[in-house]
Amino acid sequence: MSSDQHSSAAFFAAVSKDLMQPGEAGLTFDLVAKEAIEVVPACDHCAFSLRTR
Amino acid sequence: MSTVASSSPSARRWDELQHTLQQGPCVDAVWADDTYLAKDLAHDPRWPQWSPRVAAQGAGSVLAIRLASPDETLGALNMYADRANAFTADDVDLALIYASHAADAMSTAKLLTGLRIAVKSRHHIGIAQGILMLRYDLSQEQAFDTLRRYSSQTNIKIRDLAELVIETRGLPDLEILERGDPTRDHDADLPDSSAQESTSTG
């Protein structure tokens with residue numbers, strides 16, 4: 001595993017840990033939408049739509 | 001589908017417009033293919049009603065990714081960029097990995113939320129059972145059976161009925177429930193015939 005791969009793995013491990021933190025549906029949805037902007041450089045806005053049926 | 005989270009009012013508006021029009025990459029990501037990238041919304045012919053409207057409002061490009069657990073499709077994550085051709089191949093890769101982690105977190109959170117509600121409901125049902133046992137001299141099983149029968153007759157979820165029993169310290173009157181006014185004096189209440197029937201089966 002290269003150092004780039006190592007740092008990517010560490011980065012996403014931290015992201016995953018952050019996303020697991022709330023442990024409640026509504027708060028997790030909010031966090032997912034907000035953190036997407038930090039993770040994906042091109043992303044300026046993010047929304048999550050839930051399937052309801 | 002419904003938009004439940006957004007990082008900005010614009011993102012919420014663009015998502016909600018897809019649900020209203022029933023077209024757009026978010027809708028397709030849930031019901032058709034997993035991932036949609038629209039590099040230039042002003043010139044994308046796939047969603048003829050939606051794309052021009054959001055492009056006019058400042059959306060340049062969009063990447064929509066289905067989020068799913070092993071058991072179900074949760075929804076779609078929709079990433080918008082202000083300019084056209086914003087998403088590179090690296091951005092798409094990062095977004096796909098992120099979406100995978102997001103789906104795991106959402107699935108876990110949904111499960112935990114459901115379990116918390118279930119535990120709380122069971123606790124309330126237990127209290128309601130205790131109230132009925134004391135008030136009407138019923139066994140634990142008879143008290144639960146009474147709750148179940150009332151729930152069935154009134155089409156009120158058993159957890160909501162349990163909260164009513166806790167609030168009123170007795171069985172709500174069926175006629176009052178039908179009129180939507182559960183507040184009244186229950187001092188003279190006795191278990192109805194369904195509770196009496198349950199005695200014979202208990």
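Derivation of every value follows stated rules applied to the coordinates shown; laboratory data play no part. Note that the coordinates shown come from a computational prediction; the quantities given were computed from them, not determined experimentally. FYI the Cβ positions are ideal-geometry reconstructions off the backbone, even for glycines, and counts take in every protein chain you see.
Take a quick pass over the protein assembly as shown and tell me how many lysine pairs come in under 25 angstrom between Cα atoms, counting only ones 8 or more apart or on separate chains. Before the final figure, lay out the partial values.
On the way: A:Lys17/A:Lys34; A:Lys17/B:Lys110; A:Lys34/B:Lys39; A:Lys34/B:Lys110; B:Lys110/B:Lys120; B:Lys110/B:Lys157; B:Lys120/B:Lys157.
The number of close lysine pairs in the protein assembly as shown is 7.
Rank by packing, highest mean first: peptides A:37-50, B:139-152, with packing defined as the count of other Cβ atoms within 10 Å averaged across residues.
Numbers: A:37-50: 22.6, B:139-152: 18.7.
Averaged packing, sorted descending, gives the order A:37-50, B:139-152.
How far apart, in nm, are the 7 Å Cα→Cβ label points at A:Lys34 and A:Arg51?
2.7
What does the charge dipole of the protein assembly as shown about its Cα centre add up to, to the nearest 20 debye, if the Cβ of each Lys and Arg holds +1 and the Cβ of each Asp and Glu holds -1? Please report the intermediate quantities before stating the final value.
Values: 23 positive and 36 negative charges, 37 e Å.
About 180 debye.
What distance in nm separates the two pseudo spin-label positions at B:Thr20 and B:Ala32, each 7 Å out from Cα along the beta-carbon direction?
Distance between the two pseudo-spin positions: 2.2 nm.
Hey, any idea what the orientation-averaged projected area of the convex hull of the protein assembly as shown's Cα atoms comes to, in nm²? Provide the component values of the computation, followed by the final result.
On the way: hull surface 73.2 nm².
Reported value for the Cα convex hull: 18.3 nm².
Relative contact order (percent) for chain B, with alpha-carbon contacts under 8 angstrom and 6 or more residues of separation?
Details: 248 pairs, mean separation 25.1, N = 202.
Contact order relative to length: 12 percent.
Would you mind checking which residues have amide H under 5 Å from B:Ala5's amide H? H placed 1.01 Å from N; only 5 or more apart, or other chain.
HN-HN under 5 Å from B:Ala5: A:Phe48.
Quick check for me: using +1 on Lys/Arg Cβ and -1 on Asp/Glu Cβ, what's the dipole size of chain A about its Cα centre, in debye to the nearest 20? Working shown, then result.
On the way: 4 positive and 7 negative charges, 56 e Å.
With only Lys, Arg, Asp and Glu charged at Cβ, the dipole is about 260 debye.
Could you check the spin-label model distance between B:Asn85 and B:His43? Points 7 Å from the Cα along Cα→Cβ, value in nm.
About 0.9 nm, to one decimal.
What angle do you read, to the nearest 10 degrees and between 0 and 90, between the alpha-carbon axis of helix A:25-39 and the longest principal axis of chain A?
The angle comes out near 40 degrees.
Below 15 angstrom from the Cβ of B:Pro45, what's the summed charge of the other residues (Lys, Arg +1; Asp, Glu -1)? Numbers along the way, then the final one.
Numbers: positive: B:Lys39, B:Arg46, B:Arg53; negative: B:Asp28, B:Asp40, B:Asp44.
Around B:Pro45, the charge tally is 0.
Averaged over all directions, how much area does the convex hull of the C-alpha atoms of chain B cover when projected, in nm²? Don't jump to the answer; show the numbers that get you there.
Working: hull surface 61.6 nm².
Mean shadow area of the hull around the Cα atoms is 15.4 nm².
Residues of B:130-141, mean number of Cβ from any other protein chain within 10 Å of their own Cβ, rounded to a whole number? Could you put the intermediate results ahead of the total?
Working: counts 0, 0, 0, 0, 0, 0, 0, 0, 0, 0, 0, 0.
Per residue, the average neighbour count from other chains is 0.
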